[in-house]
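Below is one structure, written out as structure tokens; comments come after it.
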Amino acid sequence: MAYPPQDHFLPPRIATLFVAASDATDRERAQADYLCDGVADDVQINMALAALIGGGKVILSTGQFVLSESILIVNSETILEGQGWSSYLEGIALATGDHAIQISGSSECQVRNLSIQTLAGAGNTVHCIYIEDGANDFKIIDVYFRDSDSDCIHIEGTSINRGEVAGCFIEGADDNGINISMDGGDQSANFNIHNNHIFSCGLEGINFGACAGHYYHVIVDNIIGSCADNGIDYGAVAGVTTGLMESIISGNVIRGCTFNGIRLRSDSDNNLIENNSINGCGGYGINIGDASCTDNRVMNNKLIGNVAGAIQDSGTLTHTPHIFIPVPNPSTNIGAHPAEQLTDELEVLSRIEFYLPEAFQELLTAHMIVVPGGTGNLRRSVAANWGGLASGETYNVATGTVAEGNVAVNSDWLEAIDISAALAGPPVISQRDVIGVAFTRHADDVLDTVGADCYLLGIMLRYV
């Protein structure tokens with residue numbers, strides 16, 4: 001007898017049981033450990049799952065499995081696997097509160113390579129897959145969700161750490177495609193949701209509900225379309241619950257959702273939102289809902305044709321692309337900074353010209369950067385005009401102004417004086433536009449109370 005080398009350990013055998021549908025092939029039924037009759041096939045499936053005391057695998061044949069009650073994955077390290085979409089769990093007769101598959105408190109469980117449906121449009125709470133209460137390290141892989149009477153995948157209860165949803169085709173949920181809503185004092189962490197197709201949901205494509213926080217998630221390379229609310233939504237209650245934290249939303253394609261493509265709400269902080277393509281949504285491409293959302297980074301997203309605009313940023317310290325254009329003809333300096341002097345007691349006009357790059361989609365803010373020589377009210381006005389360089393437009397096809405008025409400033413600060421209104425259009429500024437801005441300090445007016453020279457450094461544009 002040959003023995004393996006002493007430093008080589010064979011993996012443990014995985015217990016495997018085979019369940020055949022009533023309409024499985026003759027060969028599948030001949031090899032089955034459990035035979036279903038097409039009436040209450042959850043009985044045979046649950047018997048097989050319960051028999052795997054130390055974990056293992058239940059393999060479903062091709063064909064239709066009719067469910068009268070939930071399939072219960074009760075043992076950790078258990079896999080329920082079909083032959084692909086032809087292994088079909090039909091749960092349209094499930095009562096409210098039952099779910100096609102339920103994983104409660106068992107860790108390292110997987111559902112793979114099958115299709116599921118619960119009755120659509122009945123108004124019941126019947127999820128296709130229901131995961132709760134510390135079911136860590138779950139995996140939902142290559143599952144086709146045909147319809148759901150509520151959420152296709154619903155995750156709730158006490159905290160869950162690590163989970164994966166990948167390669168799934170999710171359509172027709174009455175509510176959410178994927179809904180993660182832990183108990184009020186609990187969290188979700190380290191979920192990887194990637195490469196899924198999610199369509200025609202009655203609410204959100206992917207929803208993270210109010211709880212003690214959603215941490216370190218990776219939401220990448222999903223295709224989401226035609227959802228009746230938002231494509232991806234992180235909802236919380238300001239000052240009460242925590243939103244999405246330190247997570248990545250990248251490479252997703254979102255089309256035609258009724259409201260926003262991606263929405264962050266209360267206390268969603270330190271997230272990276274990049275390289276997403278969002279088109280044709282009824283709200284904003286990206287909506288950062290309020291000032292409690294802090295230090296989120298929004299970069300290199302393609303946000304086209306969304307009705308309300310590319311982005312709504314009500315967050316604090318949101319990081320987006322910036323352009324700084326220095327004054328073209330500095331007349332002096334302040335410290336090491338080249339500057340144009342805005343002399344006290346005089347009216348001084350300064351002009352800056354710039355070109356918007358191909359990556360520009362929509363202006364968020366525009367500010368003149370000024371260093372005042374004193375503290376008080378700086379009286380200013382702004383005029384702008386622009387046209388498209390490659391569009392056959394005149395240099396002044398659009399114009400804008402900020403009326404003469406006062407801005408409070410502090411001595412020696414880098415003051416950012418908002419001039420966004422002068423560039424608001426219509427038409428709005430866009431890529432390949434050449435823009436001229438005239439900034440005037442009216443220091444000859446007694447309402448200018450700075451009482452010292454000021455120094456214009458340039459203009460800062462923040463955009464997506």
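Just to check your reading of the model, which residue among Val450, Val464 is crowded, with 22+ Cβ neighbours inside 10 Å and either outside the structural domain of Arg351 (by TED's automatic domain parsing) or at pLDDT below 95 (or both)?
After applying the criteria, what remains is Val464.
Would you check which residues across segment 331-351 are at positive phi and among the acidic types (Asp, Glu) and list them?
Glu345 - this is the single residue of segment 331-351 that is at positive phi and among the acidic types (Asp, Glu).
Inside segment 412-433, can you point out the residues that are in a strand (DSSP E or B) and either under 32 Å from the mean Cα position of the chain (by Cα) or surrounded by fewer than 16 Cβ atoms within 10 Å (Cβ to Cβ) (or both)?
Ala416, Ile417, Asp418, Asp433
From Gly405, Gly387, Gly374, grab the single residue that is more than 39 Å from the chain's Cα centre (by Cα) and in a strand (DSSP E or B).
Step by step, each of Gly405, Gly387, Gly374 is checked, and only Gly405 is more than 39 Å from the chain's Cα centre (by Cα) and in a strand (DSSP E or B).
Could you identify the single residue in Asn329, Asn287, Asn306 that is outside any strand (DSSP E or B) and under 20 Å from Cys257 (Cβ atoms)?
Details: Asn329 fails: under 20 Å from Cys257 (Cβ atoms); Asn287 fails: outside any strand (DSSP E or B).
Checking each option against the conditions leaves just Asn306.
Exactly one condition in (1) crowded, with 19+ Cβ neighbours inside 10 Å; (2) at pLDDT below 95; (3) of a type outside the set (Lys, Arg) is false for Leu378; which is it?
Going through the list (1) crowded, with 19+ Cβ neighbours inside 10 Å; (2) at pLDDT below 95; (3) of a type outside the set (Lys, Arg), Leu378 breaks only (2).
Please identify the pairs in which a residue from segment 399-427 that is touching a residue at least 40 places away in the same chain (Cβ under 8 Å) has its Cβ atom under 6 Å from the Cβ atom of a residue that is of a type in the set (Asp, Glu), counting only partners at least 6 apart or on another chain.
Val409/Glu415
Out of Asn179, Asn190, Asn195, which single residue is surrounded by fewer than 18 Cβ atoms within 10 Å (Cβ to Cβ) and either in contact with a His (Cβ under 8 Å, 6 or more places away or on another chain) or free of Cβ contacts under 8 Å to residues at least 12 places away in the same chain (or both)? Give the steps one after another, and end with the answer.
Details: Asn179 fails: surrounded by fewer than 18 Cβ atoms within 10 Å (Cβ to Cβ); Asn195 fails: either in contact with a His (Cβ under 8 Å, 6 or more places away or on another chain) or free of Cβ contacts under 8 Å to residues at least 12 places away in the same chain (or both).
After ruling out the rest, the residue left standing is Asn190.
Return the residues of segment 339-366 that are crowded, with 17+ Cβ neighbours inside 10 Å and not in a loop (DSSP other than H, G, I, E, B); say none if nothing qualifies.
Once the filter is applied, which keeps residues that are crowded, with 17+ Cβ neighbours inside 10 Å and not in a loop (DSSP other than H, G, I, E, B), segment 339-366 yields Ala339, Glu340, Gln341, Leu342, Val348, Ser350, Ile352, Phe354, Leu363, Leu364, Ala366.
Take the residues of segment 157-169 that are assigned to a strand (DSSP E or B) and more than 17 Å from the chain's Cα centre (by Cα): which is surrounded by the most Cβ atoms within 10 Å (Cβ to Cβ)?
The residue in question is Ile160.
Scan segment 53-63 and give yes if some residue there is among the β-branched types (Val, Ile, Thr), surrounded by fewer than 20 Cβ atoms within 10 Å (Cβ to Cβ), touching a residue at least 40 places away in the same chain (Cβ under 8 Å) and more than 20 Å from Glu108 (Cβ to Cβ), otherwise no. Talk me through it step by step, then tell me what you get.
Narrowing segment 53-63 to residues among the β-branched types (Val, Ile, Thr): 53, 58-59, 62.
Add one more test, that the residue is surrounded by fewer than 20 Cβ atoms within 10 Å (Cβ to Cβ), and what stays is 53, 62.
Still in the list and also touching a residue at least 40 places away in the same chain (Cβ under 8 Å): 62.
So of that shortlist, the ones also more than 20 Å from Glu108 (Cβ to Cβ) come out as 62.
Yes, segment 53-63 contains a residue that is among the β-branched types (Val, Ile, Thr), surrounded by fewer than 20 Cβ atoms within 10 Å (Cβ to Cβ), touching a residue at least 40 places away in the same chain (Cβ under 8 Å) and more than 20 Å from Glu108 (Cβ to Cβ).
Working only within segment 63-77, note down all residues that are β-branched (Val, Ile, Thr) and either under 31 Å from the mean Cα position of the chain (by Cα) or not assigned by TED's automatic domain parsing to the domain that holds Phe145 (or both). Lay out the reasoning, then the answer.
Restricting attention to segment 63-77, the residues satisfying the condition of being β-branched (Val, Ile, Thr) are 66, 71, 73-74.
Matches in segment 63-77: Ile73 only.
What tally of residues in segment 119-146 results from selecting those that are in a strand (DSSP E or B), at negative phi and either of a type outside the set (Phe, Trp, Tyr) or not assigned by TED's automatic domain parsing to the domain that holds Ile206 (or both)? First the steps, then the outcome.
Step one: list which residues in segment 119-146 are in a strand (DSSP E or B), which gives 129-132, 138-146.
Pick out the ones that are also at negative phi and you get 129-132, 138-141, 143-146.
Within this subset, residues satisfying the condition of being either of a type outside the set (Phe, Trp, Tyr) or not assigned by TED's automatic domain parsing to the domain that holds Ile206 (or both) are 129, 131-132, 139-141, 143, 146.
Residues in segment 119-146 being in a strand (DSSP E or B), at negative phi and either of a type outside the set (Phe, Trp, Tyr) or not assigned by TED's automatic domain parsing to the domain that holds Ile206 (or both): 8 in total.
Consider Gly84 against the criteria (1) over 27 Å from Gly185 (Cα atoms); (2) at pLDDT 95 or above; (3) part of a strand (DSSP E or B): it satisfies all of them except one. Which criterion is unmet?
For Gly84, the failing item is (3).
The values are calculated or read from the model by the stated rules, or taken from the named source; none is laboratory data. Since the structure is predicted, the reported quantities are computational estimates derived from the model, not experimental observations. So basically every Cβ, Gly included, is an ideal-geometry build from the backbone, and we count neighbours across all protein chains shown.
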